[in-house]
Amino acid sequence: MTSCKILVINSGSSSIKYRLFRASKNGGGGARFALVTKGLIEKIGHKDSNVHDHKEGIQLLLNTLTQGQGAKIKDLSEICAIGHRIVHGGVTFKKPTLITSEVMAKIRECFELAPLHNPANYAGVEACQAILPNVKQVAVFDTAFHQSLPEHAYIYGLPYEYYEKYNLRKFGFHGTSHQYVAHEAARILERPLRKLKLITCHLGNGCSIAAVKHGQSIDTSMGFTPLEGLVMGTRCGDIDPASVIFLAEKEKISLEEIDRVLNYKSGLKGVSGLSNDMREIWEAAKEGHHRAKLAFDIFTYRIKKYIGSYIAAMGGVDAIVFTAGIGENEAHVRNRITKGLFDFLDDKKVRVLVVPTNEELMIAKQTFHVVSL
Ligand code: ADP
């Protein structure tokens, strides 16, 4: 296989995002990747939509690629592999995996760990299998990169039996993004990843941070679910767990409602009372809006604290890497976080890098690697 097309699918409950890459093998055993096209199928299953399910969505996507004036490929045989983003791989999946019926069963076992995401991701795989049964498919998991966390970083201070019974432990998310920007950082620094201590900050609507020591994630801020850690657009991040019990009693609200509060009504939005969008928070803060300024301060202070703790955990740091919507675009966020951060380090050569994330490219590369083996 010297050249082939890799289709990357990110299947959600009512949408399918896709990107098509051309992969060309180079002499040294690696490959070069070029984006051919990208797109989005929306409103799957909506009553006013003519795309009723994921299978129809995938069929529409493939028709778009092959038919009409804008066709990107002559026929479907040009697609040599499909890479799927799967949010949760539990403790089973530590790396990208060729999909077989046993793998499908194990992905189903992870449904209860990510009930909103995994079934939708799975539906995308099933649809591709039904339409393109002879094309190899690869699952790339958001959790896999963090499976290298040591036990002392992933076990919570809860009765151990809950870990044994339910796998209640830290998993971490955004793994594909953290792994991608760590590789890119090593390339930019012109040093081998296995010799670097990096702190990668994925700051989008969801935010997480990872300590990447010698190429391996050794700690990360998201936990059993994506709720733990940093203050995010609408998620609270770390709080005293007892406040949940306190709130349930005071507000007389159900656990389900508290879950909504913590996931959708908190974070930048909850503190500012204005918006979950950092651009709006920053504008309002500049105009003197107290709660917008407070939201900005809390957001950046939390990240700074995590960076400090990861420098301690790794025994130093070579570079801090910022990525995703806020990390890539909001210089005042980066400046606030890094201001004075390295004053206490003897070695002042810590680099601050901005690296645009590209999870789809990472999925394409990993898919290509798996099918080339
Ligand atoms: P998601 O997690 O939904 O992929 P993004 O990575 O797009 O989120 O990040 C969204 C956040 O990035 C918002 O808070 C937004 O204010 C911020 N942001 C700042 N500048 C930009 C920009 N130029 N484009 C997109 N998002 C931006």
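Checked against (1) within 16 Å of the ligand (Cβ to nearest atom); (2) loosely packed, with under 14 Cβ neighbours inside 10 Å; (3) more than 24 Å from Leu353 (Cβ to Cβ); (4) of a type in the set (A, V, I, L, M, F, W, C), Ala331 passes all but a single condition, namely (3).
Here the condition is being under 27 Å from the mean Cα position of the chain (by Cα), of a type in the set (Ser, Thr, Tyr) and either modelled with pLDDT of 95 or more or part of a loop (DSSP other than H, G, I, E, B) (or both); of Ser13, Ser49, Ser24, it holds for Ser13 alone. Return the only residue of Glu287, Glu283 being within 11 Å of the ligand (Cβ to nearest atom) and of a type outside the set (Gly, Ala, Ser). Only one candidate qualifies: Glu283.
In segment 16-25, the condition of being out of contact with any strand residue (DSSP E or B) (no Cβ under 7 Å at 6 or more places or on another chain) and surrounded by fewer than 21 Cβ atoms within 10 Å (Cβ to Cβ) is met by no residue. Restricting segment 334-348 to residues that are charged (D, E, K, R) and part of a loop (DSSP other than H, G, I, E, B), the residue that is farthest from the ligand (Cβ to nearest atom) is Asp346.
The sole residue among Leu60, Leu35 that is part of a helix (DSSP H, G or I) and open to solvent by 40 Å² or more (accessible area, probe 1.4 Å) is Leu60. The sole residue among Ile188, Ile209, Ile199, Ile218 that is touching a Leu at 6+ places or on another chain (Cβ under 7 Å) and under 23 Å from Arg336 (Cα atoms) is Ile209. Filtered by the rule that a residue be part of a helix (DSSP H, G or I), closer than 18 Å to Thr176 by Cα and not aliphatic (A, V, I, L, M), segment 349-373 gives Glu359, Glu360, Lys365, Gln366, Thr367, Phe368, His369. Of the helices (runs of 4 or more DSSP H) lying entirely inside segment 157-257, those containing at least 2 residues that are under 28 Å from Asp277 (Cα atoms) and within 16 Å of the ligand (Cβ to nearest atom) are 175-189. When you scan segment 292-313, do you find a residue that is under 22 Å from the mean Cα position of the chain (by Cα), within 14 Å of the ligand (Cβ to nearest atom), in a loop (DSSP other than H, G, I, E, B) and over 30 Å from Pro192 (Cβ atoms), even just one? No. For segment 112-150, enumerate the residues that are part of a helix (DSSP H, G or I) and closer than 24 Å to His178 by Cβ. If the condition is that a residue be part of a helix (DSSP H, G or I) and closer than 24 Å to His178 by Cβ, then Leu113, Asn118, Ala120, Asn121, Tyr122, Gly124, Val125, Ala144, Phe145, His146, Gln147, Ser148 are the ones that fit. Residues in segment 314-328 that are over 15 Å from Ala185 (Cβ atoms) and within 15 Å of the ligand (Cβ to nearest atom) were compared, and the one that is most open to solvent (accessible area, probe 1.4 Å) is Gly325. Restricting attention to segment 157-179, the residues being out of contact with any Ser or Thr (no Cβ under 6 Å at 6 or more places or on another chain), more than 19 Å from Glu360 (Cβ to Cβ) and in contact (Cβ under 8 Å) with a residue 24 or more places away in the chain number 4. Under the condition of being charged (D, E, K, R) and under 18 Å from the mean Cα position of the chain (by Cα), which residue from segment 63-110 is surrounded by the most Cβ atoms within 10 Å (Cβ to Cβ)? Among those residues, the one meeting the criterion is Arg85. Residues in segment 261-278 that are outside any loop (DSSP other than H, G, I, E, B) and either more than 8 Å from the ligand (Cβ to nearest atom) or more than 21 Å from the chain's Cα centre (by Cα) (or both): Val261, Leu262, Asn263, Tyr264, Gly267, Lys269, Gly270, Val271, Ser272. Entry remark, segment 131-167: residues being over 20 Å from Thr97 (Cβ atoms) and either touching a helix residue (DSSP H, G or I) at 6+ places or on another chain (Cβ under 9 Å) or hydroxyl-bearing (Ser, Thr, Tyr) (or both) number 9 in total. Of all residue pairs spaced 6 or more apart or on separate chains, those with beta-carbon atoms under 7 Å, a first member in segment 259-283 that is in contact (Cβ under 8 Å) with a residue 60 or more places away in the chain and open to solvent by 30 Å² or more (accessible area, probe 1.4 Å) and a second member that is of a type in the set (D, E, K, R) and within 12 Å of the ligand (Cβ to nearest atom) are Asn276/Lys269.
The values are calculated or read from the model by the stated rules, or taken from the named source; none is laboratory data. Small disclaimer: the values here were computed from a predicted structure and weren't measured. Positions of Cβ are generated from backbone atoms using ideal geometry, with glycine treated the same way; all protein chains shown enter the neighbour counts. What goes into the accessible areas is simple: the full protein's heavy atoms, side chains included, and nothing from ligands, DNA or RNA. Shrake-Rupley method; radii C 1.70, N 1.55, O 1.52, S 1.80 Å.
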